[in-house]
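The values are calculated or read from the model by the stated rules, or taken from the named source; none is laboratory data. Every value quoted in this text rests on a predicted model; they were computed, and no experiment measured them. Ideal geometry is used to build each Cβ from the backbone, glycine not excepted, and the neighbour counts take in all protein chains shown. Protein only, heavy atoms only, side chains kept; ligands, DNA and RNA dropped before computing areas. Shrake-Rupley method; radii C 1.70, N 1.55, O 1.52, S 1.80 Å.
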Number of protein chains: 2
Amino acid sequence: MLMPKETYKNHYEELFSDENWLVETHEWNQQKQAFRETQFTIGNGDLCLRGVLEENPYDSYAGTYISGIYDRTGAQITEIVNLPNPLPIRIDVYGEKLDPVATDIVHHHRTLDLKTATLYRHSVYKTTHKKRLNYISRRFVSLHDKNLVVMEVEVTPLDAAMTINMQTGIDTGVTNKGTVTEGRKKHFMTCETSIKTGYNYLCVETFEKKVFVAYASALEIVYNGKARTVSERAVNLRVLKNETIIFRKYITVRSSSSAGLAEIKKETLSALKKARNKGFERLIAEHNAAWQKKWSVCDINIEGDEDATRALRFNIYHLIICGSETNDDASIGAKTLSGEGYRGHIFWDTELFILPFFIYTNPKVARNLLMYRYRRLDAARNNAAAKGYEGALFPWESADTGEECTPSWAKNFDGSIIKIVTMDEEHHIVSDIAYAFSNYAKVTGDESFLWKHAIELIVETARFWTSRVVLNRKKRRYEILHAMGPDEFHEDVDNNAYTNVLAKWNLLAACDLLAKTARKSPARLKQISKKLRIKPKEIAMWKNLGDRIHIPFSKKKRLIEQFDGYFRLNDHRITQLNDHFMPELPISLDWKDVSKTQFIKQADVVMLLYLLNDHFSHEEKRRNYYYYERRTLHKSSLSPAIHSIVGLEVGDEDKALHYFAHALSTDLSDIHGNSSDGIHAASAGGTWQAAIMGFAGLRPHDDFLALNPHLPSNWKKMSFAIWWRGALLKIRITSKKTGVEITKNPKNSKIFLQVYDQTQFLKPKGITCFERPETKRKKKRRES
Amino acid sequence: MLMPKETYKNHYEELFSDENWLVETHEWNQQKQAFRETQFTIGNGDLCLRGVLEENPYDSYAGTYISGIYDRTGAQITEIVNLPNPLPIRIDVYGEKLDPVATDIVHHHRTLDLKTATLYRHSVYKTTHKKRLNYISRRFVSLHDKNLVVMEVEVTPLDAAMTINMQTGIDTGVTNKGTVTEGRKKHFMTCETSIKTGYNYLCVETFEKKVFVAYASALEIVYNGKARTVSERAVNLRVLKNETIIFRKYITVRSSSSAGLAEIKKETLSALKKARNKGFERLIAEHNAAWQKKWSVCDINIEGDEDATRALRFNIYHLIICGSETNDDASIGAKTLSGEGYRGHIFWDTELFILPFFIYTNPKVARNLLMYRYRRLDAARNNAAAKGYEGALFPWESADTGEECTPSWAKNFDGSIIKIVTMDEEHHIVSDIAYAFSNYAKVTGDESFLWKHAIELIVETARFWTSRVVLNRKKRRYEILHAMGPDEFHEDVDNNAYTNVLAKWNLLAACDLLAKTARKSPARLKQISKKLRIKPKEIAMWKNLGDRIHIPFSKKKRLIEQFDGYFRLNDHRITQLNDHFMPELPISLDWKDVSKTQFIKQADVVMLLYLLNDHFSHEEKRRNYYYYERRTLHKSSLSPAIHSIVGLEVGDEDKALHYFAHALSTDLSDIHGNSSDGIHAASAGGTWQAAIMGFAGLRPHDDFLALNPHLPSNWKKMSFAIWWRGALLKIRITSKKTGVEITKNPKNSKIFLQVYDQTQFLKPKGITCFERPETKRKKKRRES
């Protein structure tokens, strides 16, 4: 029951960054509890904790996830493990639990400070006896010390002295949600617990892979100006009116599948000791400094559109906290580490939607994400072989082993089984991954990766396509039958344009890469050819297949046809928009018949226009964009951001802004109603791409980087940074000019840039300024 | 989703006792889940486990309770601790959990075999892929080895081979339910866990009293005729069609607040080892033998009314499983150990409703229940002193320490606070307890207890009344003001007849007892007088007060008046019966006005007529019974059984049978809708009393035992056993005669019995037969 608003002071507010860094809620709403938990997830790239309230109210869903820890036990298919929750602190007063479900809450305010990745909270409770308590908390997962979680809870009786009970611990009673057929399930068992003066220790082990996850925690109570460490997990204290008691919890978490129990215990405890020695304030300072460093590269600041700035930061924040700089054996699931949607599985979302952000802002993470795939090349080879294909077939859904993790069925509302076919048809994932390897190599100039890893992966994926295409003898062309493009409304189609063009690209990219190698280093070509048993004949075959893959095109409409026969499907008009001004299926149609129409779920041809944007003329883009945009229902969060970018390319700023705003709000406003299952990572990555590839117009070329900014009229200035070929560029764009400064350049590379229509090397120091041509002309006129 | 019924064979059915021993359900009903969990609770007097399904379906409420283990942490008031649940076994097939909420269940049958206290179950699941699995289980808490739980689950794929995943463990994720203001809470923390080959070990510690509870468990898998012990808590097995896999779990549980961690661990593990050495079959045999021995005394068999027999056995079963033969420091809560209703607190229910069953069938347990109070005499003295009284004031709600545990407030639906006054007004508990001590001593003839414990308690309770009564100088009588009788509809009344008569009894009982001591052993009197500082003047005062306590009586109505002014309250007629044919408040009245009417909640004057039945003439009983019976709404489960007994006394068999049937069904049919919170222990005890004190007409007298049977016409024969003055009597009653046989008589006491109007010593061997006078007369007539 939320009482009439009163104003309460929260002394943490003084610590808050400016409001463009804050994501806040000012109310308690039980229906939105799970959504807020997702939104307020904190993490450091390896460990993420859903933003559950300390008191675990009824229906709360604590989620503690470590990147790469999966388990199948009790589940239809392997899933990310929900590990013990280190956050619970339960406070009660005379047996009344402070908890917004159990007790009256007269004030409730939560603030995620994106700049310091710290989650603050301020509640005021009123007990049944009408006595108020001030409740303040903050917590962070340290970015500086990757195994550390620090939290603090302050309680102050406002109306009368009170006896306060506090209980805390590491909660092993957590479960994975799973589907209705599975029920909740646990993926670990406790293998050791101990309580010692000064710390508590817990070690759990996953059932299937026997991964140990150890927790050590220490509890400090600050009262009357004195801090003491207690070993109890339940304490009982008398607190006077207006006096404050502070509970501080330091938690270290380590996981390992290789170390022994004794070793992991030692490490976890020594990490705790180290953290305790540093002390609370220093831990905060180190954490904040690490985030400051992070944001100095990752931030996008739009002067003139503070809402967009804040929303972009929110999306970027959620990418940062799930990308590991140290682990090259895990990747980012479609819902990040903020929920259990899609069971933590990795889709093409990672390579095409999320990866670009990391390629440009943190190549180390990008490389790890690609290494995750590279390390599973053998699994992909086995997967291909098992299905009768050559080369490597990456799974549509991937988890820890690299085996196909798409569930083969799901239960429908009526109890019937829905057969899931994505893994047999959405083979575009193969070239999507190859594309990502190529893109990374192009942007970073990381040659060692190119020769050691990218080339092998691009060859093996090209080989897959040689076995996937079939020759249409009559039409003397190669075709890809029984496929599905990004648009999942149309299953089992022939010659999906997206799939076929990407397959073509993949085959030709393999040829190009080998040709380039031959030019640059015949010795290396020999070495690679030997390792991968590549014969010149095979390269020729790739070229032949690539050149002859059929790309459906309607000469009459002068349009790419999404797949064979698409234009013969029923063509309806969109007549209705939903609350978010997004198109709805006309009410005259039934969802089960959507495959008979030209309505599509998400960017498919438009995605192609974006990915291979230099393959299409401006006119081709324009024509195809408008045709497909009008038939897209955007029932995937992957769609709007891409429509924003391509919209800008074809000069439709209105549409671009509409789709950009939509993508930005996805998890800020729970637009799809399922943010409770986790952040829509692809959409988050899409917003970064819409800002940088869209409004800033960034495009990587072999020999230079292009920027073709187009700022909306209310954007006064857009500032951001990117890594390009080993140099860190700070870029500031206004409506009149673009300034680029090299702020780091360890290899002293020469940086060649094309901005607007001007091409030049950047000055090694200071800002290189590019003026917008119209501005120039105006200036000239004035000068003349 | 329950499918159309099919018949499935369950090979356990061959083990079942005859159907008059079985409590069964043939359906899965999620709404009734918590009710069945209560009903199917198993236990051995010290440890009880709610009958939760092994798979812990959604909304299931596992309850594991050890008599006497309470904790307050996080609760408004101390409560019985819900301990880790040792029962979970989770089985899934291709990620589909076998669980009636998650999976289709085509057959579901649970059977509690009361004779062997074994809970059986048979379910048939159908997976989403339409493959059936046969699921059978049984479990028991050993009565022979008090620390042992044994369970078995069998799974058989019926339609196709399947890969079966099984997970098990001791679930520490359990909580106490608490009230809405508390939320769910935990009363223990894990202090040690370890996994070794052959066993798992867990030790938890309660927060407040630091009681250790240790569990050791071993898992055995029987497959292909081979049994093996596994240390894994999750196993994955391929099982062929029609092949059966059996999971057997042996669990030992020990608790201690005094022993060290190492000691308790050693004991728990050695108990497990011992059990394992005995083997499954022998453990069952020992358990069954222990129950056979138990039932040989406790059973009541009514030939001609099998439903009543079965219902009686169900009620008796639930008394047996919560009465400890070994622990004299714990008592039985109002809801037994089968749920968390009233937080496991002990009320007068125990002494007046439950205790008689144990006095007559298991005096050892009865003595322990009384010793629980005796051991808290100091706490009662402190409680009295704190409230300004003399002697001992037992708390209205009691838990482990003997301090008052009645919550002082509760939250109403509208958020307002209801002040709870029972502990300040229902002081009748003091004489209720004294009465129980006296009753026990009378029936058992346990003189050592009488001199050592009962006398002290009866003196201290008498002393309480000396300070509780006030002199009405005008009327020259003693009164008890601001009281509440058993009828809780009327708070804060003066001179509640029940309270006053019992207080009078208490004062005079103390005098009598001391007088008797003076006669029998002046030396002992001296000793007691010295210990308790009793002066002759004090005894005289008790006599004076007892004689002059006002008992409200209406000369006009020739009725006991429930309290001063009761007859001036509005007197309405009952116009409506509910589904159970029990009276409802007339719809013209509002519940908040019930105190202004003569409607009463439960037996109050009628309870008095029962307890002190030799204080009232038949005519007094008849007149008062009918007056109050017509105004009783029976909103307490304590009421019907007493009305059955007194109904019989006044010759109203119809009413007696109606109330008897109602009391019998209380927890068989969830008549009050709250059996999910636990068995109504007082009602269960009441059914035994209704059978024995009612239909068999048993009454203890100082010098003899009286039986005045009155069997309903359809009862062909009623057989039962009771302990009387150290001898075990087997009694068989038919409509024509009563046979009594002494089956145990270690002290060779002479047993003097009055049956019908005949009084005689029982034969030391063989059956002593008493013929019903009418029968005799008939016989004589025939003879003549």
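Within the assembled protein chains, the solvent-accessible surface assigned to B:Arg477 is about 50 Å², based on a 1.4 Å probe.
Counting protein heavy atoms only, the stretch A:105-155 has 46 percent of its accessible area on carbon and sulfur, 1.4 angstrom probe. Counting every alpha-carbon pair across the stretch A:120-243, the share separated by more than 20 Å comes to 60%.
FRET efficiency for the B:Ala706 to A:Lys226 pair, using the beta carbon distance and R₀ = 60 Å, is estimated at 0.25. Here the stretch A:463-528 and the stretch B:468-534 have alpha carbon centers that stand 100 Å from each other. A straight Cα-to-Cα reach below 17 Å connects A:Lys736 with the lysines A:Lys716, A:Lys717, A:Lys776, A:Lys778, A:Lys779, A:Lys780, residues fewer than 8 places away in its own chain not being considered.
A helix-only calculation puts the protein assembly as shown at -9500 deg cm²/dmol for mean residue ellipticity at 222 nm, using -39500 (n - 2.57) for each DSSP H run of at least four residues, averaged over all residues. Annotation for the stretch A:313-356 versus the stretch A:55-73: alpha-carbon center distance of 16 Å. Across chain B, C-alpha contacts under 8 Å between residues 6 or more apart give a mean separation that, scaled by the residue count, equals a relative contact order of 11 percent.
Identify all aspartates and glutamates with a Cα-Cα distance to B:Lys557 below 17 Å; exclude those on the same chain that are fewer than 8 residues away in sequence. Leaving aside aspartates and glutamates fewer than 8 places away in the same chain, those within reach of B:Lys557 are B:Asp571, B:Glu619, B:Glu620, B:Glu629. Counting from the shortest, the label point at A:His580, 7 Å from Cα toward Cβ, is 5.2 nm from the same position in each remaining copy.
Of all aspartates and glutamates in the structure, those lying under 14 Å Cα to Cα from A:Lys265, and not within fewer than 8 positions of it along the same chain, are A:Glu192, A:Glu205.
In the stretch B:525-649, the portion of solvent-accessible area held by carbon and sulfur atoms comes to 52 percent [1.4 Å probe, whole percent, DNA, RNA and ligands not counted]. Of the residues B:Ser529, A:Ser675, the one with the largest accessible area comes first in the ranking B:Ser529, A:Ser675, computed with a 1.4 Å probe on protein heavy atoms. About its Cα centre, the stretch B:347-459 has a charge dipole of approximately 320 debye under the convention of +1 per Lys or Arg Cβ and -1 per Asp or Glu Cβ, with nothing else charged. Heavy-atom accessible surface of the stretch A:5-298, averaged per residue, reaches 33 Å², computed with a 1.4 Å probe. Simple rule: put +1 on each Lys or Arg Cβ and -1 on each Asp or Glu Cβ in the stretch A:177-296, find the dipole, and look at A:Val235, A:Thr252, A:Leu272; the Cα lying farthest toward the positive end is A:Val235. Using Cβ point charges alone (K and R +1, D and E -1), the dipole size of the protein assembly as shown about the Cα centre works out to roughly 2740 debye.
Taking a 1.4 Å probe, which of A:Asp349, B:Asp703, A:Asp492 shows the most accessible area, and what order do the others take after it?
I get B:Asp703, A:Asp492, A:Asp349, largest accessible area first.
Plainly put, the tip 7 Å out from Cα toward Cβ on B:Glu491 is 6.4 nm from that tip on each other copy, the closest given first. Kindly flag which residue pairs out of B:Lys504/B:Lys531; A:Lys592/A:Lys635; B:Lys475/B:Lys555; A:Lys293/A:Lys364 have an alpha-carbon separation exceeding 21 Å in this structure. From the list (B:Lys504/B:Lys531; A:Lys592/A:Lys635; B:Lys475/B:Lys555; A:Lys293/A:Lys364), the Cα-Cα distance tops 21 Å for B:Lys504/B:Lys531.
Full extension of the chain between A:Glu620 and A:Asn714 gives 30.9 nm of extra length, using 0.36 nm per residue less the Cα-Cα distance. Scanning chain B for the beta carbon that comes closest to the axis linking it by rotation to A yields B:Gly173, 1, distance in whole angstrom.
The accessible-area loss of the stretch A:116-145 on complex formation, taken against its chain alone with a 1.4 Å probe, reaches 30 Å² or more at A:Thr128, A:His129. Label points for A:Ala227 are taken 7 Å from Cα along Cα→Cβ. From this copy to the others they lie 5.7 nm apart, shortest first. With the simple model of a label 7 Å out from the Cα in the direction of the Cβ, A:Thr244 to A:Ser448 spans 4.9 nm.
The C-alpha radius of gyration of the stretch B:5-298, expressed as a fraction of 2.2 N^0.38 Å, stands at 0.99. On the basis of the beta-carbon distance and an R0 of 30 Å, A:Ser588 and A:Asp414 show a calculated FRET efficiency of 0.85. Only one residue of B:Ala441, B:Pro395, B:Leu377 has its Cα farthest out toward the positive end of the dipole of the stretch B:360-501, where Lys and Arg carry +1 and Asp and Glu -1 on Cβ, and that residue is B:Ala441. Taking Cα atoms only, the orientation of helix B:536-548 departs from the longest principal axis of chain B by about 90 degrees.
Listed here are the pairs A:Lys411/B:Lys32; B:Lys9/B:Lys131; A:Lys419/B:Lys97; A:Lys177/B:Lys131; which of them are more than 21 Å apart at the Cα? Those over the limit are A:Lys411/B:Lys32; A:Lys177/B:Lys131. Each chain gives up part of its surface: B and A jointly bury about 3500 Å² of accessible area, both sides summed, for a 1.4 Å probe. Taking the 0 to 90 degree range and rounding to the nearest ten, how far is the long axis of helix B:261-278 tilted relative to the main principal axis of chain B, both from C-alpha atoms? Approximately 70 degrees, to the nearest 10. A simple charge model with +1 on the Cβ of Lys and Arg, -1 on the Cβ of Asp and Glu and nothing else charged puts the dipole of chain B at about 2820 debye relative to its Cα centre. The largest accessible area among A:Arg233, A:Arg121, B:Arg558, B:Arg533 belongs to the first residue in B:Arg533, B:Arg558, A:Arg233, A:Arg121, and the rest follow in falling order (1.4 Å probe, all chains). In the stretch B:393-434, comparing the full protein assembly with the chain on its own, the residues that lose 30 Å² or more of accessible surface at a 1.4 Å probe are B:Trp409, B:Lys411, B:Ile417. Solvent-accessible surface, computed for protein heavy atoms with a probe of 1.4 Å, shrinks by 10 Å² or more for the following residues of the stretch B:149-175 when the other protein chains are added to the isolated chain: B:Asn165, B:Gln167, B:Asp171, B:Thr172, B:Gly173. For chain B, the longest principal axis of the Cα atoms and the long axis of helix B:280-298 meet at an angle of about 20 degrees. Given a 1.4 Å probe and the protein chains as shown, B:Phe212 ends up with an accessible area of around 30 Å². A viscosity of 1.567 mPa s and a temperature of 4 °C, combined with the Kirkwood radius over C-alpha pairs in the Stokes-Einstein formula, give the protein assembly as shown a diffusion coefficient of 35 µm²/s.
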